Amino acid sequence: MARILFASSEAHPLIKTGGLADVSGSLPPVLQALGDDVRLVLPAYRTVLQRLPVLPIIAELMLPGITAPVRILETMLPQTRVPVWLVDSPAHFDRDGNPYLGPDGHDWPDNAARFTVFARAVVELAQNRAGLDWRPDVVHCNDWQTGLVPALLAQEKKRPGTMFTIHNMAYQGLFPRQTFDSLNLPEALWHWQAVEFHSQLNFLKGGLAFADWITTVSPTYAQEIRSADFAYGLEGVLNHRVERLRGILNGIDYSAWDPAHDPLIPHHYSATKLEGKKKNKAALQGQFALPVKPDTPLLGLVGRMVEQKGIDLVLAVLPELLQQPVQVAVVGTGAARFEQAFRDLANRYPDKVGAFIGYDEGYAHLLEAGADIFLMPSRFEPCGLNQLYSLRYGTVPVVRRTGGLADTVIHTDAATLADGSATGFVFDAANPSALLVAIDQALALYRRPEAWRQVMQAGMRRDFSWEQSARQYQELYRQLP
Ligand code: ADP
Ligand code: GLC
């Protein structure tokens, strides 16, 4: 058994902007079930506190660089027995808006200070200096918001082991040198082998340079980030530390994402009882004001509308695709230009395109359950959870061969149809014509109901539960100094 302090900037169902929350909300309970003593530490955002009753204060910390004390509040991750420690620093976290962006959609100007305070609090907890009589063996950090934790811990004489998991190399937490000066960080960290990156402060680099283990969320992404195309300048650090770099595929939480008992969908179904899927399709068409047509292929997309997700590729193929008898439903939020483009398409083709621009858990589940085909043509994808949900929901994914998409979807061709392994459609080039070819292949298979059902069912039967991946993390925890 190991004692693990799991530090993250989001965790479902307390606070979520994307897949990091799904992982932080579902891996810790599985580690606990496998025998580890896990505590989750998160910032006490206003929205988290509003959701919970008044919480006990279990510790008060004085941290360098700020005058007000920071309090640690304690709760449990809902529906689990995993303790959660919330780092309560009202000046940094008690505000409306998203964890990273203000209401204007721009990064909070004090993000560096916010996640420095969070990291320092994690360090105090990790060093058992908060008076809680608990000393972790491992501090498991996630993404740039926790990048300073391994860096600060490395300055201590005696410390727990550290693991840093990369969920996305595109967000590094980059700030000017003056910001570094204002944060009162140890001067030794301003070094090319520490957080200095081309004269800027790079939080992610702190994690990569100092963690005892670096992991990322799929084996293919672990290879990809060793090249400049995927690592944006940090490939050198990763290649230098390649002995300590591993790829462990994310699992998914089937208690939340299984069409057989998903509380957020109107009709339950499974690989052997597919009837409910047709009813969900009708419900989805109804919700999105599309004509209820059982035989028209319905293509869906859920996700952050950003460059990463290949949204521009989808927008580029739609004018041609919409000449065919298809329907398209999207749920997402992100770059204003992408949001507007989908609104415009929905106005122009009200019988064919339905768009919900915003964040809505219920719609995300209904779309997975009701669509026939799921589009995920990401330019890069560290793991991706939506294609895994799609597989489980019998919504055949069309994905680009990158990162976790390449590791989880098996392309349909004569050979994979014959051996029963086909689960979706995979294309290579990040351009609209390659995406269109893959969509056309999917539409052609859709017209062969028996073959289509076979591919749906093969995907639904794949097992991406957490246990195996959690054991791989445990294996690495055991090999720490
Ligand atoms: P990423 O973490 O890069 O955003 P993932 O596929 O790993 O991508 O995870 C995305 C998660 O966020 C999924 O659980 C997905 O359902 C959810 N999600 C993304 N956008 C929305 C939205 N607009 N409404 C509801 N859920 C969303
Ligand atoms: C990131 C990645 C996504 C991954 C998720 C959880 O947000 O973009 O691919 O699934 O983290 O690890």
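The values are calculated or read from the model by the stated rules, or taken from the named source; none is laboratory data. Given the structure is predicted, the values throughout are model-derived calculations rather than measurements. Cβ: placed from backbone, ideal geometry, glycine included. Neighbour counts: every protein chain shown. When the accessible area is computed, the model is the full protein with side chains, heavy atoms only, and any ligands, DNA or RNA have been set aside. Shrake-Rupley method; radii C 1.70, N 1.55, O 1.52, S 1.80 Å.
Those strands (runs of 3 or more DSSP E) of region 80-191 in which 1 or more residues are buried (at least 22 other Cβ atoms within 10 Å of the Cβ) and more than 16 Å from ligand 1 (Cβ to nearest atom) occupy 83-88, 138-142, 161-166. Report the residue count in region 386-423 for those that are under 26 Å from residue 260 (Cβ atoms), open to solvent by less than 20 Å² (accessible area, probe 1.4 Å) and not in a helix (DSSP H, G or I). Final tally of qualifying residues: 11. Select from region 45-60 the residues that are under 14 Å from residue 75 (Cα atoms) and touching a strand residue (DSSP E or B) at 6+ places or on another chain (Cβ under 6 Å) and write down the one among them that is surrounded by the fewest Cβ atoms within 10 Å (Cβ to Cβ). Here the residue is 56.
Of the set (1) within 16 Å of residue 287 (Cβ to Cβ); (2) away from ligand 1 (no atom under 16 Å from the Cβ); (3) among the acidic types (Asp, Glu), all apply to residue 361 but (2). Here residue 201 fits the description: hydrophobic (A, V, I, L, M, F, W, C), on the phi < 0 side of the Ramachandran plot and outside any helix (DSSP H, G or I). Scanning region 317-344 for residues that are open to solvent by less than 10 Å² (accessible area, probe 1.4 Å), away from ligand 1 (no atom under 16 Å from the Cβ) and not β-branched (Val, Ile, Thr) turns up 318, 321, 322, 327.
The number of residues in region 346-390 being over 26 Å from residue 142 (Cα atoms) and within 16 Å of ligand 2 (Cβ to nearest atom) comes to 3. Residues in region 264-308 that are open to solvent by 90 Å² or more (accessible area, probe 1.4 Å), closer than 20 Å to residue 458 by Cβ and in a helix (DSSP H, G or I): 275, 278. For the structure I just gave you, tell me whether residue 354 is more than 8 Å from ligand 1 (Cβ to nearest atom), farther than 21 Å from residue 466 by Cα and in a helix (DSSP H, G or I). Spelling it out, it is not the case that residue 354 is more than 8 Å from ligand 1 (Cβ to nearest atom), farther than 21 Å from residue 466 by Cα and in a helix (DSSP H, G or I). Looking only at residues of region 14-44 that are in a loop (DSSP other than H, G, I, E, B) and away from ligand 1 (no atom under 11 Å from the Cβ), we find that the one that is surrounded by the most Cβ atoms within 10 Å (Cβ to Cβ) is 44. Within region 353-381, being open to solvent by 50 Å² or more (accessible area, probe 1.4 Å) and either more than 23 Å from residue 424 (Cβ to Cβ) or modelled with pLDDT under 95 (or both) holds for 356, 359, 360, 361.
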